[in-house]
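K.L.:
There's a structure below that I have some questions on.
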Amino acid sequence: MSPDELVYLGILGASIPVGFLFRYLSPPVKQGAALLLGLIISVATCGIHTLHSFFTVLGTWLIIKINWRSAPALSLGWTFLYLLFFRLVTWFGLPQPTPFANAIQLLLTLKMVSLANEVQSYYLEKKKEVSAFTKSPVVGGLSHEPSLYDIISYSYCYVGIMTGPFFRYQTYADWLQQSSPLSLPGKEPCLQRLKLVPVYGVLFMAVNFVFPLYYVRTEEFLEHNYFYRFFYMVAIFFVFRMRFYSAWCGAEAGCISAGLGCYPQGALSKPGGGPSVKYSPDPDTAVEYDFKTIQNIDCYNTDFCVKVRHGMRYWNMTVQWWLHHYIYPNAPFRAYALRAGWTMLISAYWHGLHAGYYLSFLTIPLCIAAESAMEASVRARLGPKGQNIFDWIHWFLKMRAYDCMCMGFVLLKASDTINYWSSIYFIIHIIAIVCIGVGQIMKGGKKRERREGAEGEKQDVVREKAE
């Protein structure tokens, strides 16, 4: 493990026992202590680069104060433009930010855009209440506009400050105002989330040792046979998954220990978004709680869901919620594949400027179009047994597609990514294009059959009338 990874591990490990201590604090003390601890972590790991995140927070606060109506669009523009400056600071003679500063900046960008949307919703619902003389039915809305101190406290809250998960301001406010945090579940769900982390960690280190990423960039790698080169991406994606499974499960455990994101199961909470319905518990029934709001990874479904589009739902789930609510609805396209492409483009930009991100993320719409074409033209014509076989083949190809895309994500450079993809003859891209082509041909055949069938029925009717 690299020194940076050891620092991440140390912060994650320390946040879990510290979280249980926060359950004993009153709301004002909890808010101040979480802010102080977050600032200590930020300054200790980022140094002077902490100013980047502070300027981002200050700019968002000014946007909200000056023009709350346009705050969502303006905050998105502001935070994303600052991300560009942040990544190009060396062009202006400024020092390169640390990887820790980058992690904080990424999560802060999500928080600030979400906050602007929450404040806008608060004022719009407030206007509706005044005009209709009724209480707003919106679930999870703010009760007041956050102050500058509230926004800074939310931005630098120690929980998930570097590793996520993303959570809305309302989730943070609910955490501060919990009436009896000590009575909420903690130890059992925390251990449940951590039980497989050692397994993920050991598998990550073992497979990473046998299949190091740097080897892909060597000339010697290209001398191996095709099947070895093809299998290598399977191993790399496995290492990638184990790394993030262990990190995100640990980050979720840090939230659980502090009680952040704990809501009644009846509230039907969504990862990242929080409660989706208003919930009034039955006084005669024991209330059961969950931590769905801060769930960032579904390891089983990431591995075993069938479709490419579903794979995205179970990976980095809180960020997927953010993309689905703030980017996807505003895409300048109507077709699903194009909207998904736009969303993936924004996601790639959020991750960084490396060409590998864009090559990987923009392969997703191609794969979605391919699986949609094959489902409509092939799977729909099969019986139950045939569909079962189709789904297993679909799952296998989905995993290979993500293996292929992962290589661009970890190799980063366009040349390295293209070199690897060319070494396996762009097999995933070719399969996707062939599937789209087959789907279009079979779709045309199906339309022709329908048309011929309709014409035949018309002729039968005419013949019957003639008789």
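The values are calculated or read from the model by the stated rules, or taken from the named source; none is laboratory data. Worth saying up front: this structure is predicted, and the values here are computed from it rather than measured. All Cβ positions, glycine included, derive from the backbone under ideal geometry; neighbour counts span all protein chains shown. The accessibility values were calculated without ligands, DNA or RNA, using every heavy atom of the protein model including side chains. Shrake-Rupley method; radii C 1.70, N 1.55, O 1.52, S 1.80 Å.
K.L.:
Just to confirm my numbers, what's the Cα centroid distance between region 415-436 and region 68-111 in Å?
P.N.:
Taking the Cα centre of region 68-111 as reference, the centre of region 415-436 is 33 Å away.
K.L.:
Around A253, what is the net charge, scoring Lys/Arg as +1 and Asp/Glu as -1 over all other residues with Cβ under 12 Å from its Cβ?
P.N.:
Cβ neighbours under 12 Å give a net charge of +1.
K.L.:
So, one more: Over the chain, what percent of the accessible surface lies on carbon and sulfur atoms, probe 1.4 Å?
P.N.:
Of the solvent-accessible surface of the chain, carbon and sulfur hold 66 percent.
K.L.:
Can you show me the helix-derived [θ] at 222 nm for the chain, built from DSSP H runs with n ≥ 4 at -39,500 (n - 2.57) apiece and divided by the number of residues, rounded to the nearest 500.
P.N.:
-23000 deg cm²/dmol
K.L.:
What order do you get for 189-197, 313-321, 90-98 when each peptide is scored by the mean count of other beta carbon atoms within 10 Å, highest first?
P.N.:
Peptide ranking by packing, descending: 313-321, 189-197, 90-98.
K.L.:
What's the whole-number percent of alpha carbon pairs in region 109-255 lying beyond 17 angstrom?
P.N.:
73 percent
K.L.:
Right, something else. So what's the projected area for region 1-160, the Cα convex hull averaged over all directions, in nm²?
P.N.:
Spelled out: convex hull of the Cα atoms, projected over all directions, averaged, 11.3 nm².
K.L.:
Further question on the same structure: Keeping every protein chain present and rolling a 1.4 Å probe, give me the accessible area per residue for region 242-354 in Å².
P.N.:
Spelled out: the 1.4 Å probe surface of region 242-354, per residue, equals 43 Å².
K.L.:
Which whole-percent values make up P(r) of region 65-171 when all C-alpha to C-alpha distances are grouped in 5 Å steps starting at zero?
P.N.:
Reading upward from the zero bin: 2, 11, 18, 20, 18, 13, 8, 4, 3, 2, 1, 0.
K.L.:
Would you please calculate the Kirkwood hydrodynamic radius of region 180-335 over all C-alpha pairs and express it in Å, rounded to one decimal?
P.N.:
For region 180-335, the Kirkwood estimate is 18.3 Å.
K.L.:
I would also like to ask the following. Would you give the gap between the C-alpha center of region 17-41 and the C-alpha center of region 286-319, rounded to a whole Å?
P.N.:
27 Å
K.L.:
Select from P165, P185, V319 the residue farthest towards the positive end of the dipole of the chain; place +1 on Cβ of Lys and Arg, -1 on Cβ of Asp and Glu, and compute about the Cα centre.
P.N.:
Toward the positive end, the furthest listed residue is V319.
K.L.:
OK, next. First select every other residue whose beta carbon is under 14 angstrom from the beta carbon of A101; then total the charges, Lys and Arg +1, Asp and Glu -1.
P.N.:
Value of the local net charge: 0.
K.L.:
To continue, here is another question. Could you give the size of the charge dipole of the chain about its Cα centre, using +1 on the Cβ of each K and R and -1 on the Cβ of each D and E, expressed in debye and rounded to the nearest 20?
P.N.:
Result for the chain is approximately 840 debye, rounded to the nearest 20.
K.L.:
Among A370, G437, S257, which residue has its Cα positioned farthest towards the positive end of the charge dipole of the chain, with +1 placed on the Cβ of Lys and Arg, -1 on the Cβ of Asp and Glu, and the dipole taken about the Cα centre?
P.N.:
G437
K.L.:
Using only the alpha carbons of region 252-297, what is the convex hull's orientation-averaged projected area in square nanometres?
P.N.:
3.3 nm²
K.L.:
Let me ask something additional. In what sequence, highest mean first, do 65-74, 7-16, 155-164 appear when ranked by Cβ atoms within 10 angstrom?
P.N.:
155-164, 7-16, 65-74
K.L.:
A further question on this structure: Could you please tell me the mean projected area of the C-alpha convex hull for region 235-324, averaged over all directions and given in square nanometres to one decimal?
P.N.:
About 7.0 nm², averaged over all directions.
K.L.:
Highest mean first, how do 99-109, 29-39 rank when packing is the count of other Cβ atoms within 10 Å averaged over residues?
P.N.:
99-109, 29-39
K.L.:
Leaving out ligands and nucleic acids, note down the accessible area per residue over region 64-195 with a 1.4 angstrom probe, in whole Å².
P.N.:
That works out to 47 Å² for each residue.
K.L.:
Quick one: Cα convex hull volume of the chain, Å³ per residue?
P.N.:
So the per-residue hull volume is 222 Å³.
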